[in-house]
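Engineer: Below you'll find the structure I mean.
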Amino acid sequence: AKLRNVTSSDIDKLSISNMEGGSDRFWTHLVMAYVFTFWTCYVLMKEYEKVASMRLSFLQTEQNVSKFTAVAARRLLST
């Protein structure tokens, strides 16, 4: 059923709703959506690795070692 008197913008022409069922473009759209999702996750993972290594190297400098060292004290007052 074709709809009449429907206005569409340029972005609607690029969306998945503009594709006919069983079209090769549908599969292309689906595959590219997964590729983009995995690429985004990969880039975020690599950036997090860089940030974590920078944080670790910052915390291991001589000036900061004494600031962030924790000491566990137990049984200070013995009865």
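The values are calculated or read from the model by the stated rules, or taken from the named source; none is laboratory data. Fair warning: this is a prediction, and the values are worked out from it, not measured in the lab. SASA here: full protein model, heavy atoms, side chains in, ligands and nucleic acids out. Shrake-Rupley method; radii C 1.70, N 1.55, O 1.52, S 1.80 Å.
Engineer: So how compact is the range 4-77: Cα radius of gyration and Dmax in angstrom?
Structural biologist: 26.4, 85
Engineer: Could you rank 57, 17, 23 by how accessible they are, 1.4 Å probe, largest area first?
Structural biologist: My answer, sorted largest first, is 17, 57, 23.
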